[in-house]
Structures are given as C-alpha cells and as structure tokens.
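Chemist: I have a structure here, written as structure tokens, and I will follow up with some questions on it.
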Amino acid sequence: MDHSRAPVLDALVEFHEQGITPFNPPGHKQGRGADQRVVDVVGEGVFRSDVLGPNGLDDRLLRHGVLQEAQELMADAVGAEHTFFSTCGSSLSVKKMLAVAGPHEKLIVARHAHKSVISGLIISGVSPVWVHPHWDGERHLSHPPGPDEVRAAFEAEPEVKGMLLVTPTDYGTCGDIAAIAEVCHEFDKPLIVDEAWGAHLPFHPALPPWAMNAGADLCVTSVHKMGAAVEQSSVFHLQGNRVDPALLKAREDLLGTTGASSLVYATLDGWRRQMVEDGEKLLSTALSLAHGVRREIDELPGLRVMGEREFIGPADSFDPLKVVVDLSELGISGYQAADWLRARRQVTVGLSDHRRIVAIITIGDDERTAATLVAALDDLTKAAERMKAPPVLHLPDPRDLELSTVMLPRDAFFGETEQVGVDEAVGRVAAEMISPYPPGSPALVPGEVITKDVLDYLRSGLAAGMQLPDPADSDLESIRVVRDPA
Ligand SMILES: Cc1ncc(COP(=O)(O)O)c(C=O)c1O
C-alpha cells in the first residue's frame with residue numbers, strides 16, 4: 001500500500017481547496033462562528049480542521065471511503081487485518097472490544113485492569129472471571145499475569161468467552177502476550193489486549209513485542225499516550241477468525257459518536273504515515289535519549305531508576321521509555337515529588353504514587369527536554385531534605401487487597417444502593433468503583449465485598465495525596481453500597 005498517502009489529511013486539504021460553504025455541523029463553520037478569545041487560545045487550525053460531519057470529508061453515503069482507506073493503511077502498517085479508528089480514547093475502544101461477550105457471559109479479566117474496562121463490564125453486564133496480576137509485594141506494584149494463571153482460569157471456567165489482558169502497565173512492564181495467546185487459542189477463545197500504552201511498540205524492534213505480532217486477536221492502543229496524535233486518539237485492531245468483524249462493527253456503531261472528530265482521525269492518519277516512514281529512526285533517538293536519562297537519574301543521590309533489575313521476573317519485558325523513578329531513599333512520596341516538580345520547576349510527570357514518579361519519554365523529546373528533567377530531579381534531591389515526611393500509607397499485603405466478587409458489577413452498580421459511613425461499609429457490597437488515579441486501576445469494583453484493609457489503604461492514600469476521581473463522596477467518609485434486602 002502507498003503509505004505516503006494520508007487520506008484524511010489529503011481530504012482536509014481538498015475540502016479547503018474546494019471552498020465548500022457548509023450548512024451542516026459543526027456549527028462553528030470553520031471557526032467563523034467561534035469566539036475570538038477561543039480562537040486566540042486554541043488557534044484557527046483547530047476549527048479549520050474540524051469538518052468531518054456526515055457531509056464533511058466523506059460524502060453523505062461515505063462513498064469516498066476516506067476513513068476506510070485510512071483505517072486500511074493503519075492495519076497494513078501494523079500487520080493487522082482490520083483497524084478501527086476511535087474517538088474518546090481507549091476508554092471507549094475497550095468497551096467496544098468487549099463485544100466478544102454479552103450480559104451474564106463470562107470473560108477472564110486481569111484484575112488490575114483500567115477503570116474503563118470495569119466500566120465496560122458494568123455497561124455490558126459481562127461477568128468477570130478475575131485473574132490476579134503478578135504482585136511485587138515489596139514494591140507494591142502489579143505486573144501482568146502469566147500463562148499459568150490464565151490456563152487455570154480457563155480450566156475452572158470452561159464456558160468463558162475469552163480473556164482481556166492489560167499490557168504494558170502504566171509502569172511500562174509487559175506480560176508474555178504470545179504465551180497467553182497460545183493458552184487462549186488452545187481453548188479456542190480470543191485474547192483481547194488493552195495495549196493503551198503500546199502505540200509505539202509495532203514500530204521499533206528493540207521495544208517489547210506488541211499484541212498483533214504476538215498472536216492476540218484484538219487489541220486497543222491510545223495513540224495520544226505514547227504516539228503523536230491528539231488526545232482521545234485511539235485505534236483497535238483485529239486479526240484471525242475468532243471475533244467476527246461484523247460484530248465488532250455493530251459494537252462500534254452502538255457506542256460510537258455520529259460526530260467523530262476529524263482532528264482525531266487526521267492526526268491518527270498522519271501518525272501512521274510518520275511511523276511507517278520514520279518511526280524506527282525517531283524511536284531509536286527516543287530510546288537513546290531515554291537510556292541516557294535513565295543513567296543520569298540513577299546517579300542522582302537518593303533516586304533509583306527501576307528497570308530490568310526490578311521488573312524482569314515478575315514481568316516479562318519492559319518499555320524503557322517509561323522512566324520509573326523510585327524515591328524511597330529520598331524519604332518523600334511520589335505525590336510530593338510531582339507537586340514540587342510542577343510548582344517549582346514547571347515539569348510534569350505521567351504518574352505519581354506513594355514512592356515513585358514515572359516520566360514518559362517519546363519521540364517528542366530531545367536533548368533539551370531530557371536535560372530539563374534531569375536538572376529538575378537533581379534540584380528535587382536537594383529540596384527533599386526540607387520537605388516533611390509524607391503521611392504514612394497503609395499498604396497491606398497485596399493479596400489482602402484481592403476482594404471477593406459476590407454480584408455482577410452491573411447489578412451492583414445499577415441496583416438499589418445506599419450511602420453508608422465508612423465504618424459501616426466493611427462487609428457490605430460495593431456499588432461504586434474507587435480507583436487511585438493514575439494509574440486508574442480500581443481498588444474497589446462494584447459487586448466486591450468491602451474490607452477494612454481496602455478502606456484503610458484508600459483513606460490513608462487520600463490523606464497522602466492519592467487522587468480518587470470516581471467515588472460519590474470524594475472525601476471517602478462514606479461509600480455507596482448495595483442496599484441490604486429489608
Ligand atoms: C491500561 C489503560 N487502558 C485504557 C486506558 C484509557 O485510555 P484513554 O485515556 O485513551 O481513554 C488507560 C488510560 O490511562 C490505561 O492506562
């Protein structure tokens with residue numbers, strides 16, 4: 001296929017050349033109706049590129065096939081059979097991918113899945129069969145589960161419809177997709193991979209294997225995370241015959257928008273062209289930058305960059321572009337470090353937790369940004385001496401955070417609920433999700449029995465700086481639980 005083409009971008013150029021006078025949405029009409037103060041901030045280009053309505057880039061019957069061609073080029077670039085572009089991020093794409101199961105049907109799901117997967121279970125009524133991640137109890141980190149646990153789940157629940165694996169994690173650790181795909185296929189069931197963090201993986205041989213190459217049936221990636229498309233840009237890919245493309249298309253139609261963003265599609269299209277033409281070179285530069293940054297940070301007093309020493313074993317490989325910095329020797333929390341870096345050095349990081357921060361290096365970085373990061377962290381090591389000791393986080397053995405599921409997440413979420421004080425919540429069934437964010441993997445899922453350990457962990461986390469975006473009571477003095485039958 002001709003990868004020098006970028007059908008969505010080309011159609012945008014053509015649209016402008018044709019001088020079309022639109023009487024269809026978007027109502028800003030190429031920005032002419034937009035408030036100048038908005039244009040001043042976001043730029044004219046945003047509005048000029050926002051045209052994809054039913055009568056925009058494609059004609060009324062989608063005869064021009066602009067999107068179709070762009071998706072086919074993306075599929076070809078990564079070696080998938082079908083690719084779907086999706087707006088609203090992988091948060092929406094993962095919900096579309098749950099098409100392999102319906103209400104009350106079972107799906108094996110890695111329990112450290114992102115909250116968007118859990119939302120998908122709630123909406124679809126799919127019944128999760130949890131596979132617990134590989135826990136690193138010492139560092140309080142989860143890594144993807146391995147093939148043995150997946151096999152055990154298939155043997156225990158032979159009627160499951162497939163499995164959803166999350167890899168890479170937010171910390172860049174990756175599971176053995178090929179071995180897990182083999183297990184799924186032995187049972188003739190599809191493997192779905194939430195590879196939200198893996199958009200770049202297909203384009204460089206030194207990066208961990210990516211889902212389609214490793215034999216997964218379906219996978220989703222967020223191109224706005226490790227790629228270079230705008231926020232919400234997501235794609236999902238399909239191969240093989242275990243998932244019917246028509247079924248996926250129907251799910252896509254069920255959940256998709258009728259006003260897809262041409263900005264999202266255009267930048268996805270351009271990213272594919274960029275990666276096919278220059279991806280390996282650009283990623284080689286990013287990788288050598290990341291390796292340099294890792295070495296320099298590791299030499300700073302009190303900082304330790306986590307990598308193969310810590311991860312390989314519980315994980316199978318890891319992405320060095322995720323620079324995971326352990327601050328425990330410095331005696332401050334990741335929350336404190338992230339706040340200080342932003343406030344004092346105008347440097348932001350991708351993730352912070354009780355003892356780490358994660359800085360993400362991409363093809364958008366260069367020597368200057370790398371030096372800014374290292375210098376800011378050097379300053380942090382000095383400033384840390386003057387910072388207060390962080391509040392103590394209650395970190396139980398990770399196994400004590402594995403709760404029992406007694407109800408379908410959908411039934412717990414949509415059924416009769418009540419808000420009870422935390423002290424009364426122990427032993428009750430959760431009706432809401434509570435997810436430390438980032439990484440956004442829920443500690444509590446609707447349908448699970450609440451324990452004192454999980455409450456102590458979340459409440460002490462909140463006091464230490466953890467973000468909890470989803471509970472109704474954001475102070476966590478009360479919790480939404482399933483109403484007890486009278
Ligand atoms: C593993 C995982 N899956 C899905 C998502 C959702 O991605 P998006 O932000 O593209 O909606 C995230 C977001 O952080 C994630 O970490």
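Chemist: Looking at VAL454, VAL481, VAL429, VAL422, which is the one that is of a type in the set (Val, Ile, Thr), at pLDDT below 95 and either more than 16 Å from the ligand (Cβ to nearest atom) or open to solvent by 40 Å² or more (accessible area, probe 1.4 Å) (or both)?
Modeler: The match here is VAL422.
Chemist: Please specify each residue of segment 212-225 satisfying the condition of being within 16 Å of the ligand (Cβ to nearest atom), out of contact with any helix residue (DSSP H, G or I) (no Cβ under 6 Å at 6 or more places or on another chain) and within 15 Å of LEU98 (Cβ to Cβ).
Modeler: Matches in segment 212-225: CYS219 only.
Chemist: Hey, among ARG309, ARG294, ARG251, ARG273, which residue is modelled with pLDDT under 95, open to solvent by less than 70 Å² (accessible area, probe 1.4 Å), in a helix (DSSP H, G or I) and basic (Lys, Arg)?
Modeler: ARG251
Chemist: In segment 370-413, which residues are assigned to a helix (DSSP H, G or I) and of a type in the set (D, E, K, R)?
Modeler: ASP378, ASP379, LYS382, GLU385, ARG386, ARG399, ASP400, ARG410, ASP411
Chemist: Please work out if LEU165 is in the same structural domain as THR257 (by TED's automatic domain parsing), within 16 Å of the ligand (Cβ to nearest atom) and closer than 30 Å to SER333 by Cα.
Modeler: In short, yes.
Chemist: Evaluate segment 232-239: report whether one residue or more is part of a loop (DSSP other than H, G, I, E, B), at positive phi and within 20 Å of the chain's Cα centre (by Cα).
Modeler: yes
Chemist: Ok, one more. So GLU385 passes all but one of these: (1) more than 16 Å from the ligand (Cβ to nearest atom); (2) touching a residue at least 24 places away in the same chain (Cβ under 8 Å). Which condition number does it fail?
Modeler: (2) is the only condition that GLU385 fails.
Chemist: Filter segment 226-236 down to the residues that are near the ligand (Cβ under 7 Å from one of its atoms) and either touching a strand residue (DSSP E or B) at 6+ places or on another chain (Cβ under 8 Å) or not assigned by TED's automatic domain parsing to the domain that holds PRO190 (or both) and list them by number.
Modeler: SER234
Chemist: Let me ask you something else. Just wondering, is there one or more residues in segment 196-203 that are open to solvent by 10 Å² or more (accessible area, probe 1.4 Å), away from the ligand (no atom under 15 Å from the Cβ) and either over 25 Å from ARG356 (Cβ atoms) or not assigned by TED's automatic domain parsing to the domain that holds SER288 (or both)?
Modeler: yes
Chemist: How many residues does segment 91-115 hold that are within 15 Å of the ligand (Cβ to nearest atom), open to solvent by 10 Å² or more (accessible area, probe 1.4 Å) and either free of Cβ contacts under 8 Å to residues at least 24 places away in the same chain or farther than 19 Å from HIS143 by Cβ (or both)?
Modeler: Total meeting the criteria: 3.
Chemist: Of all the residues that make up segment 372-419, how many are open to solvent by less than 50 Å² (accessible area, probe 1.4 Å), of a type in the set (S, T, N, Q) and in contact with a strand residue (DSSP E or B) (Cβ under 9 Å, 6 or more places away or on another chain)?
Modeler: Of the residues in segment 372-419, 1 are open to solvent by less than 50 Å² (accessible area, probe 1.4 Å), of a type in the set (S, T, N, Q) and in contact with a strand residue (DSSP E or B) (Cβ under 9 Å, 6 or more places away or on another chain).
Chemist: Another question, if that's okay. Could you figure out which of (1) out of contact with any Lys or Arg (no Cβ under 8 Å at 6 or more places or on another chain); (2) at pLDDT 95 or above; (3) open to solvent by 50 Å² or more (accessible area, probe 1.4 Å) isn't true of PRO209?
Modeler: For PRO209, the exception is condition (2).
Chemist: Let me ask something additional. Any residue at all in segment 134-143 that is outside any helix (DSSP H, G or I), within 23 Å of PRO409 (Cα to Cα) and free of Cβ contacts under 8 Å to residues at least 24 places away in the same chain?
Modeler: Taking every residue of segment 134-143 in turn, none turns out to be outside any helix (DSSP H, G or I), within 23 Å of PRO409 (Cα to Cα) and free of Cβ contacts under 8 Å to residues at least 24 places away in the same chain.
Chemist: Looking at segment 173-182 only, could you name the residues that are surrounded by fewer than 24 Cβ atoms within 10 Å (Cβ to Cβ) and within 16 Å of the ligand (Cβ to nearest atom)?
Modeler: Across segment 173-182, there are no qualifying residues.
Chemist: Also, I was wondering about something else. Here are ASP148, ASP170: which of them is charged (D, E, K, R) and within 16 Å of the ligand (Cβ to nearest atom)?
Modeler: Unique residue meeting the criteria: ASP170.
Chemist: List the number of the failed condition for SER261; all other conditions in (1) within 14 Å of the ligand (Cβ to nearest atom); (2) modelled with pLDDT of 95 or more; (3) over 18 Å from the mean Cα position of the chain (by Cα) hold.
Modeler: (2)
Chemist: Taking interchain pairs and intrachain pairs at least six residues apart, which have beta carbon atoms under 8 angstrom, with the first residue in segment 445-474 and in contact (Cβ under 8 Å) with a residue 12 or more places away in the chain and the second open to solvent by 20 Å² or more (accessible area, probe 1.4 Å) and among the acidic types (Asp, Glu)?
Modeler: GLY447/ASP411; THR451/ASP400; ASP453/ASP400; LEU462/ASP475; GLY465/ASP339
Chemist: Just to be sure before I move on: is GLY120 open to solvent by less than 10 Å² (accessible area, probe 1.4 Å), within 12 Å of the ligand (Cβ to nearest atom) and not assigned by TED's automatic domain parsing to the domain that holds PHE414 in the structure I sent?
Modeler: Yes.
Chemist: What's the number of the only condition in (1) part of a loop (DSSP other than H, G, I, E, B); (2) surrounded by fewer than 22 Cβ atoms within 10 Å (Cβ to Cβ) that HIS185 fails to meet?
Modeler: Failing condition for HIS185: (1).
Chemist: Next question. Return a yes/no flag: does segment 461-468 have any residue that is away from the ligand (no atom under 16 Å from the Cβ), open to solvent by less than 10 Å² (accessible area, probe 1.4 Å) and either acidic (Asp, Glu) or modelled with pLDDT of 95 or more (or both).
Modeler: No, the conditions are met nowhere in segment 461-468.
Chemist: Right, something else. Considering only residues that are closer than 23 Å to SER435 by Cα and touching an Asp or Glu at 6+ places or on another chain (Cβ under 7 Å), look in segment 315-356 and name the one that is surrounded by the most Cβ atoms within 10 Å (Cβ to Cβ).
Modeler: Checking each candidate, the answer is GLY334.
The values are calculated or read from the model by the stated rules, or taken from the named source; none is laboratory data. Please read all numbers here as calculations on a predicted model, not as lab measurements. Neighbour counts run over all protein chains shown; Cβ positions are idealised from the backbone, glycine included. Each accessible area value is taken on the protein alone, full model and side chains, heavy atoms only, with ligands, DNA and RNA left out. Shrake-Rupley method; radii C 1.70, N 1.55, O 1.52, S 1.80 Å.
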